[in-house]
Amino acid sequence: MKLSFSAEDELFRAEVAGWLAENLTGEFAKLKYRGGPGDEHMFPQERQDWEKRLAEGGWTCVGWPKEHGGRGCSIEQQVIFFEEYARAGAPGRVGHIGEGLTGPTLIAFGTEEQQQKYLPGIVAGTELWCQGYSEPGAGSDLANVKTKARFDDEQGKWIINGQKVWTSLAHESDYCFVIARTDPDSVAHKGLGFFLIKMDQPGIDVRPIEQITGTSEFNEVFFDDAHCDASDMVGAPGDGWKVAMGLLGFERGVSTLGQQMQFQNELDDVVELARENGAAKDPSIRDRIARAHAELKIMRYNSLRMLSGQSGSDGSLQKEALIYKLFWATWHRSLGELAMDVMGPECDILEGGPYELSRLQSMYLFVRSDTIYGGTNQIQRNIIAERGLGMPREPKGTAK
Ligand SMILES: Cc1cc2nc3c(=O)[nH]c(=O)nc-3n(C[C@H](O)[C@H](O)[C@H](O)COP(=O)(O)OP(=O)(O)OC[C@H]3O[C@@H](n4cnc5c(N)ncnc54)[C@H](O)[C@@H]3O)c2cc1C
């Protein structure tokens, strides 16, 4: 493990912490520890304003190359940024899909025109994105996409028809990247296209789905003759799978260490409550808290090992990275259960009507989905077996 922080990095840490302390005040003070998974409905407008404030300070897209409007931070500095951001309790980022997924994908696969059209809005925090991958029959089996894209020669545009589901933040987004079938006779991962679609147009209907938390962070999105300019397809028709998979490669990067700082904040809350209400006197609770603490440390060292090691020539992380999603999602789900046991009978009582949950209740309910989105635990195990351990590939059902 090589990752270490130089004196210069520590100065950078002080700069990040100082800026956050100065700016997370006044109108933004109420955003502390708000937003993010399970709490996305809180202060949506103020959090969009916060994105713009971050941009003014040069704190969006810190890991992007400077020529694309980023800050060009080293891996160490990105780690520091995400750690300090979470330590300060700064709000969940509404721009994270654009910054973490769309931007890196356009930098890797987009045309210069696409980069010039879309990257500045992401850097400025003014244009928000959502991810249109999943469909009712295409979640884990992503290649089973049914949404169709037909090129209309007269209009010189792609016409999109179909449905996406579980589309996080679609109701707040300006754009959605969508995989759709460009060749109607194709099956599986062949014949797909990757489209950049404007949400505010006739032919797109966003319907919220109410979640167990009582809030609606994700949606069904229906495309009924929606339009996409020819120049807004990334790659050629048929390249969709390559681009879509490239994008998923960006999903688990340096921000993992910031995520752990949020986990630490949640664990601290659980410990504080256990002290306050006496649950800490129960040996089995003490044991589980100690285990959660130790496993969080393991997560941190594994991430540092992953980030400081050699990555592949395509920028992919080393094989150790494959275990990360399975580990954190399972850990976080157990933390939710621990939180409820520490709360005791109070975990069944709502703060207020009709559905006002405390932070820990909301966390417990939301973390049920951690082992599903971004690849279910079962799928992660397949990936570890096949790509990490070189075991035989899972037998597929009869090909159509
Ligand atoms: C909170 C949340 C936010 C989301 N946000 C988005 C978003 O913004 N955009 C988007 O496109 N999608 C989003 N999703 C969708 C998410 O990516 C899918 O739910 C996920 O990929 C699983 O697909 P599925 O729901 O279709 O389950 P299915 O694929 O139907 O799986 C059902 C069960 O079968 C198991 N299973 C399936 N195939 C195999 C196999 N080969 N081997 C072993 N077990 C298997 C799965 O592990 C699972 O337990 C979100 C989901 C959640 C919960």
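Here are some residues: E99, E112, E67. Which one is among the acidic types (D, E), without any contact (Cβ under 8 Å) to a residue 24 or more places away in the chain and not assigned by the TED database to the domain that holds E46? Can you show your working first?
Numbers: E99 fails: without any contact (Cβ under 8 Å) to a residue 24 or more places away in the chain; E67 fails: not assigned by the TED database to the domain that holds E46.
Selected residue: E112, the only one of E99, E112, E67 that is among the acidic types (D, E), without any contact (Cβ under 8 Å) to a residue 24 or more places away in the chain and not assigned by the TED database to the domain that holds E46.
Pick from region 136-151 the residues that are open to solvent by less than 30 Å² (accessible area, probe 1.4 Å) and more than 8 Å from the ligand (Cβ to nearest atom): which of them is modelled with the lowest pLDDT?
Looking only at region 136-151, we keep the residues that are open to solvent by less than 30 Å² (accessible area, probe 1.4 Å), and these are 138, 142-143, 145, 147, 149.
From the residues that got through so far, the ones that are more than 8 Å from the ligand (Cβ to nearest atom) too are 143, 145, 147, 149.
Numbers: A143: 92, V145: 96, T147: 98, A149: 98.
Here the residue is A143.
Which of the residues belonging to region 370-399 are in a helix (DSSP H, G or I) and either open to solvent by less than 100 Å² (accessible area, probe 1.4 Å) or touching a helix residue (DSSP H, G or I) at 6+ places or on another chain (Cβ under 9 Å) (or both)? Spell out the reasoning first.
At the first step, the residues of region 370-399 found to be in a helix (DSSP H, G or I) are 377-388.
The answer is N377, I379, Q380, R381, N382, I383, I384, A385, E386, R387, G388.
Scan region 215-252 residue by residue and report those that are assigned by the TED database to the domain that holds V178, open to solvent by less than 30 Å² (accessible area, probe 1.4 Å) and under 23 Å from H171 (Cβ atoms).
Residues satisfying the conditions are T215, E217, N219, V221, F223, A226, C228, D232.
Rundown of residues vs (1) polar (S, T, N, Q); (2) under 17 Å from R93 (Cβ atoms); (3) part of a helix (DSSP H, G or I), yes/no style:
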position: A14; (1), (2), (3): no, no, yes
position: G18; (1), (2), (3): no, no, yes
position: E46; (1), (2), (3): no, yes, yes
position: K52; (1), (2), (3): no, yes, yes
position: C61; (1), (2), (3): no, yes, no
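Just checking, which of Q163, Q201, Q211 is within 16 Å of the ligand (Cβ to nearest atom), at pLDDT 95 or above and of a type outside the set (S, T, Y)?
Details: Q201 fails: within 16 Å of the ligand (Cβ to nearest atom); Q211 fails: at pLDDT 95 or above.
Going through Q163, Q201, Q211 in turn, the sole match is Q163.
Checking the structure you have, find out if any residue of region 247-266 is over 17 Å from the mean Cα position of the chain (by Cα) and at pLDDT 95 or above.
Within region 247-266, the subset over 17 Å from the mean Cα position of the chain (by Cα) is 264-266.
So of that shortlist, the ones also at pLDDT 95 or above come out as none.
Scanning region 247-266, I find no residue that is over 17 Å from the mean Cα position of the chain (by Cα) and at pLDDT 95 or above, so the answer is no.
If you scan region 104-131, which residues turn out to be open to solvent by less than 40 Å² (accessible area, probe 1.4 Å), closer than 18 Å to G249 by Cβ and within 16 Å of the ligand (Cβ to nearest atom)?
If the condition is that a residue be open to solvent by less than 40 Å² (accessible area, probe 1.4 Å), closer than 18 Å to G249 by Cβ and within 16 Å of the ligand (Cβ to nearest atom), then T105, W129 are the ones that fit.
If a residue has to be small (G, A, S), assigned to a strand (DSSP E or B) and in contact (Cβ under 8 Å) with a residue 24 or more places away in the chain to count, how many in region 136-152 make the cut? Spell out how you get there, then give the answer.
Applying the first criterion (small (G, A, S)) to region 136-152 yields 137-140, 143, 149.
Still in the running and assigned to a strand (DSSP E or B): 138, 149.
Cutting the leftovers down to in contact (Cβ under 8 Å) with a residue 24 or more places away in the chain gives us 149.
Qualifying residue count, region 136-152: 1.
The values are calculated or read from the model by the stated rules, or taken from the named source; none is laboratory data. Quantities reported herein were computed from a predicted structural model and do not represent experimental measurements. Glycine gets a Cβ as well: all are built from the backbone with ideal geometry, and neighbour counts include every protein chain shown. To get the accessible areas, we keep the full protein, side chains included, count just its heavy atoms, and leave off ligands, DNA and RNA. Shrake-Rupley method; radii C 1.70, N 1.55, O 1.52, S 1.80 Å.
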